[in-house]
Amino acid sequence: MSTDTGSQFRVFSHSNSDHWEDNPANPRQWSLGRKWQAMGIISLYTLSTTMGTSMMAPALLEIAKRYDITNSTILAMTVSISSLSVAFGPLFIAPLSEMYGRTWVLHIGNLAHAVMNLGCAYSPTLGSLLAFRFLAGLAASTPIAVVGGSINDLFSDRERAVAMAVYSPMALIGTFVFPIAGGFIAQNLGVKYVFIAMSLSCGVAAAIGIPCLRETYAPVICLRLAKRPADLEKLAQTLAPTGNKSTWHNLRLNLTRPMVLLTRSLICFMLSLYIALIFGIFSLMFITFSSLFSGVYHFSHGVIGLAFLGPGIGCIVGITFSGWISNKLYKTLADKNGGNGKPEMRIPSMIFGTFFIPVGLLWYGWSAAARIHWIMPMIGASIFGFGWVTVLVQARLYIVDAFAFPASALSAAAVFESLLGFTFPLFGQDMYIKLGYGGGTSLLASLAVVIGIPFPIWVWYKGEGIRKRSAVFMSQEGCHPGSSASLQGMQLTSSLEQDGECDKEPNSVVKE
């Protein structure tokens, strides 16, 4: 049972209300239509924010002309700098969503992204463009920070794979379809209108989301039902795992939680490192598409965007596998375990996906090095895309299932992911110049094998034992609906502590 649900019972019990598990206000008791409406709006926000990187990638040559950029590293930074800010945004956005709710965090982030893109459109200098790109990335990190918590709010562990599979295409559509539009807009209208189009998409998302999206975070809903003052300070104190501490204590606790998870959980650290490595490789591939397909295959600026359909097709196939086939595997393993699902049951699908990543990289790099027909590197990129998405979806589902604070845990993973997404494109051009496309991708494929294949196998065998010994993971057993649920909190002073109201020993970590 999740810590969010434990918090729900804790808050709701003060008003002598019915059990929260059966309350129609509980987002998990909403109708399927209402649940998918919420997921659809969150996905729409994701779609509008992912345009920030993808839509301008084919326009790099136009940006170089506009700002007279001759250094390839600086040119790559105009795209990748948004990934740097995405590394830091979730560190405070996700904890705030776990203190004050998801909805307005999403609304504010989306509107801020629209404003920052307008700043990019009218930036007179390269310095101002980089500054607005950094701030736009900060705002764009909001859906990344919130989606894990929202899925946990709405869906049970057996439903989450499908929910993640429905959410993921929106991010991928933005990544692989918008470059087509971005290339033609930059070629025919200019780079300024690429950024204006991004702002308009955020405006459309806001027009739909603000009136239609309802709060999914249960503690906020509970307080409203209990007719308590909607005071943020009181809310923060009520939800604090360590009790009724001061506002600043609770704020510090929540804001530092992602880094505590990253530094005190080996599983969180290694999962974050692996998906960060894959994302860094993808970002490098993403940035080099323009130079490869324009320099080697002589694509025009507008047609370059079509090259992004290669990895896009692989990602869509990977989503289908992760959302439906792997979900059936999870249910089969859970049924064999007496109906009890465990986070480790996500790992077999992840292991399957890890083998496609080096294969796709080698196919992409060596076909480009040999200057074979342009369809060959696209096929390699598609194979890589399948492996990347399969691993990414299963890793995120494992985090949502396993950790007591899923939004903070996903934010911890996003730190590594975004940092490597920022740095890989900066050195990637020089690496390909020195090693060539074949040698460079062989190096990256070797890293993917060394880090990627052994780690999921280790988690499959050792993950459950590690979770039993750590308070940062949540128990999925030991509390039954309708009882006072356990609340696993993290005290960010000298140690991690447990605060519980379950039919267990007080102040003990609930074992699985």
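Coordinate-derived values only; no laboratory data. Treat the numbers as computed from the prediction; the structure is a model and nothing was measured. Quick reminder, even Gly has a Cβ in these numbers, built from the backbone with ideal geometry, and neighbours come from all protein chains shown.
THR423 to LEU443: extension gain in nm, 0.36 nm per residue of separation minus the Cα-Cα distance?
On the way: separation 20, 0.36 × 20 = 7.20 nm, distance 1.60 nm.
That pair, THR423 and LEU443, stretches by 5.6 nm at full extension.
With a simple spin-label model that places each label point 7 Å from the Cα along the Cα-to-Cβ direction, the separation between ILE210 and THR256 comes to 3.7 nm. Applying a DSSP loop filter and a limit of 15 other Cβ atoms within 10 Å to the chymotrypsin sites (Phe, Trp or Tyr not before Pro) in the stretch 81-178 leaves TYR122.
Counting other Cβ atoms within 10 Å, keep those with at most 12, restrict to DSSP loop, and tell me which trypsin sites (Lys or Arg not before Pro) in the stretch 324-380 are left. It would help to have the intermediate numbers written out before the result.
Values: sites: LYS328, LYS331, LYS336, ARG346, ARG371; in loops: ARG371.
Taking the stretch 324-380 and a limit of 12 other Cβ atoms within 10 Å, the loop trypsin sites (Lys or Arg not before Pro) found are ARG371.
Sketch the reach of a paramagnetic label on ILE325 as a point 7 Å from Cα along Cα-to-Cβ, and name the residues of the stretch 255-282 whose backbone nitrogen lies under 11 Å away. Residues passing the 11 Å test: none.
What FRET efficiency comes out for the pair ARG224/ARG371, r = Cβ-Cβ distance, R0 = 60 Å, nearest 0.05?
Numbers: r = 63 Å, r/R0 = 1.04.
Once rounded, the FRET efficiency stands at 0.45.
Each label point was placed 7 Å from the Cα along the Cα-to-Cβ direction; for VAL450 and ARG34 their separation is 5.2 nm.
Annotation: amide H of PHE403 within the under-5 Å range of MET474, sequence separation 5 or more or interchain, hydrogens built in the peptide plane. Loop-resident trypsin sites (Lys or Arg not before Pro) (DSSP state other than H, G, I, E or B) in the stretch 87-187 with no more than 16 further Cβ atoms inside 10 Å of their Cβ: ARG158. Other residues whose C-beta falls under 13 angstrom from the C-beta of PRO124 contribute a net charge of +1, scoring Lys and Arg +1 and Asp and Glu -1. With the simple spin-label model, which puts each label point 7 Å out from Cα in the Cβ direction, the LYS336 to ILE433 separation comes to 5.3 nm. FRET efficiency for the pair ASN188 and PHE269, taken as 1/(1 + (r/R0)^6) with r the Cβ-Cβ distance and R0 = 41 Å, rounds to 0.35. The slack between LYS462 and ASN71, meaning 0.36 nm per residue of separation minus the straight C-alpha distance, is 136.1 nm.
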